[in-house]
Amino acid sequence: MKQTFLHKTWLIQLLLFIVSFCIYVFYFQYLVFHLNSVLFKIDGDSLKNYYTFVYHIRNDTNALEFSGLNFPFGEHIVYTDCQPLITFILRLLPFTHDYLIGIMHGLILLSFIITPLLLFRIFLLLDLERLPAFFFSLGIALLSPQIHRLGGHFALAYGCVIPLAILFILNYFKSRSNKLLIAILIYNTSLFLIHPYLGLGISFFCFSSFFINELLLNGKTSLLKKLPKIALIGLVPIVCF
């Protein structure tokens, strides 16, 4: 029997990516075509967060110290919103240093574009039909107020962060894979190096999800046995940070 379009998940995902890409490119068209030559905003925290991102990459030698503020003492990177995980990588790639603003804009826009794909996978794991999953995924992503976080709080602007955490959790509940548990641990820890709010929020969210799921499905006895694993993905990243 010949499969219809709706039975080919990869085709639906491809269409979802194309539609998402076109919508965001249209919405942010001026920014998209001038990624490295415009600033999205310059009021509030925007100008400071552009400055800290670029300065830390081009001028600082210590990965944990920001020397462009609080002279002559400097600042710890946690207080500067300079996205240390990304700045550490880009510091090692000197050929990117003339395009840092464009790279940050591009990463944030890419996070918006792929968010519907992550939501679509979440809905499939929850046994939703493909067609409503397509429209719900697109609608939730486009209606998210996170799209307007590009106006200054750049480290908090990545729209895919929470959906990716949910996808990790649901996949673990389905597979109970220790490799996936390690991936969640690494993911939660890495988020602290984008912004502490992300790391703390997602770690606590994972801890709560695992705790409640185990308690409701298997009871207190099983919860006590699984508590070390739950603490691993929820509390260890916070303690390490």
Subset of the stretch 45-104 (residues that are open to solvent by 80 Å² or more (accessible area, probe 1.4 Å), within 21 Å of the chain's Cα centre (by Cα) and over 27 Å from Phe33 (Cβ atoms)): Tyr79, Phe88
Residue check, Gly44 touching a Gly at 6+ places or on another chain (Cβ under 6 Å), of a type in the set (Gly, Ala, Ser) and modelled with pLDDT under 95: yes
Qualifying positions in the stretch 179-198 - open to solvent by 30 Å² or more (accessible area, probe 1.4 Å) and aliphatic (A, V, I, L, M): Leu180, Ile182, Ala183, Leu185, Ile186, Leu193
Total residues in the stretch 184-227, condition of a type in the set (Val, Ile, Thr), without any contact (Cβ under 8 Å) to a residue 60 or more places away in the chain and under 26 Å from Thr87 (Cα atoms): 4
Criterion (within 19 Å of Ile147 (Cα to Cα) and in a helix (DSSP H, G or I)) met by exactly one of Ile89, Ile108: Ile108
Complete set of residues in the stretch 151-176 that are part of a helix (DSSP H, G or I), in contact (Cβ under 8 Å) with a residue 60 or more places away in the chain and either closer than 19 Å to Thr9 by Cβ or touching a helix residue (DSSP H, G or I) at 6+ places or on another chain (Cβ under 6 Å) (or both): Phe154
Unmet requirement for Gln146, which otherwise passes all of (1) open to solvent by 40 Å² or more (accessible area, probe 1.4 Å); (2) at pLDDT 95 or above; (3) within 15 Å of the chain's Cα centre (by Cα): (2)
Residue tally, condition modelled with pLDDT under 95 and open to solvent by 70 Å² or more (accessible area, probe 1.4 Å), over the stretch 16-27: 2
Pick from the stretch 199-224, criterion modelled with pLDDT under 85 and under 16 Å from Phe173 (Cα atoms), ranking: most open to solvent (accessible area, probe 1.4 Å): Leu217
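The values are calculated or read from the model by the stated rules, or taken from the named source; none is laboratory data. Quick caveat, the model's predicted, so the values are computed rather than measured. Here the Cβ is made from the backbone with ideal geometry for all residues, glycine too, and neighbour counts use every protein chain on show. To get the accessible areas, we keep the full protein, side chains included, count just its heavy atoms, and leave off ligands, DNA and RNA. Shrake-Rupley method; radii C 1.70, N 1.55, O 1.52, S 1.80 Å.
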